[in-house]
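Novice: Before we start, here is the structure in question, set down as structure tokens.
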Amino acid sequence: MAVTLAGPAGLAAAPILTAVTNAGTAGIERDLVGRAQHNAMLVAVGSILATASVILALLALNATTRGVTSTTAVPWIITLLVCGAVVGLICVSQQRLWLRAANAWGAGVPNGGERLSWVLHLVSYPVVVLGLFAGIAASHAVDFAGAVANWSALAIVPLIASQVVGAVRYVRKAGPPGTVPTHVRALAARIERSRHED
């Protein structure tokens, strides 16, 4: 039920109501900026993990130059290396988009990076799957033994972690990151809604 004050009392209450409304808006903006900065920090951790994956892939590549090693492992290691670098670039881009969103939301202006961020998060999935396959194939090429297999297997771990921690955190004002369980829950909820509508 809305209460309207007429006369001098209404004029006196108007600045107070405006101040309360502005304070509420400022609080929402502060929350959005804090959320954006938190996500930017997590995406930065994803960038570090992707860098670790690239370093481990380089160590696997270096191990192919010593001793008797199957040359069929080299293309797979290079693929793993490239996948780590691509996920790292996605994380860096996501961090910049989150920081841009924090500045936009703090200033109360629209942010235009949501669509690009969402596309980047989608691209990260096939890149990580390819990197996982490449790491396993590199280890298989050397019969899962020796330094090449060890470094290739180790490079997979930070690659997946960088995607889970950083690359899937696409820019949006609310909601969890775009991880596979989140997509599965959203799909299940959509199916459940369609059953109730029928």
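Novice: Would you mind finding the one in Leu17, Leu11, Leu61 that is modelled with pLDDT of 75 or more and not acidic (Asp, Glu)? Spell out the reasoning first.
Specialist: Working: Leu17 fails: modelled with pLDDT of 75 or more; Leu11 fails: modelled with pLDDT of 75 or more.
Answer to the selection: Leu61.
Novice: Kindly evaluate Thr71 against the criterion of being open to solvent by 10 Å² or more (accessible area, probe 1.4 Å) and either part of a helix (DSSP H, G or I) or under 25 Å from Tyr170 (Cα atoms) (or both). If you could, list the steps in order and put the result at the bottom.
Specialist: Working: open to solvent by 10 Å² or more (accessible area, probe 1.4 Å): yes; either part of a helix (DSSP H, G or I) or under 25 Å from Tyr170 (Cα atoms) (or both): no.
No, not satisfied.
Novice: Please go through segment 77-118 and pick out each residue that is under 17 Å from the mean Cα position of the chain (by Cα), open to solvent by less than 40 Å² (accessible area, probe 1.4 Å) and among the β-branched types (Val, Ile, Thr).
Specialist: Selection gives Val87, Ile90.
Novice: Moving to a separate point now. Across segment 119-172, what is the number of residues that are hydrophobic (A, V, I, L, M, F, W, C), open to solvent by less than 20 Å² (accessible area, probe 1.4 Å) and more than 18 Å from Ile77 (Cα to Cα)?
Specialist: 3
Novice: Ok, one more. Considering only segment 184-198, state which residues are open to solvent by 90 Å² or more (accessible area, probe 1.4 Å) and among the aliphatic types (A, V, I, L, M). So that I can check it myself, show each step before the final result.
Specialist: Kept after step one, since they are open to solvent by 90 Å² or more (accessible area, probe 1.4 Å), are these residues of segment 184-198: 185, 187, 190, 193, 195-198.
Of everything in segment 184-198, just one residue is open to solvent by 90 Å² or more (accessible area, probe 1.4 Å) and among the aliphatic types (A, V, I, L, M), namely Leu187.
Novice: Right, something else. Which number in (1) over 11 Å from Ala138 (Cα atoms); (2) in contact (Cβ under 8 Å) with a residue 40 or more places away in the chain; (3) assigned to a helix (DSSP H, G or I) marks the one condition that Ser93 misses?
Specialist: With (1) over 11 Å from Ala138 (Cα atoms); (2) in contact (Cβ under 8 Å) with a residue 40 or more places away in the chain; (3) assigned to a helix (DSSP H, G or I) applied to Ser93, the lone miss is (2).
The values are calculated or read from the model by the stated rules, or taken from the named source; none is laboratory data. These numbers come from a predicted model, not from an experiment. Quick reminder, even Gly has a Cβ in these numbers, built from the backbone with ideal geometry, and neighbours come from all protein chains shown. These accessible areas exclude ligands, DNA and RNA; they are computed on the full protein's heavy atoms, side chains included. Shrake-Rupley method; radii C 1.70, N 1.55, O 1.52, S 1.80 Å.
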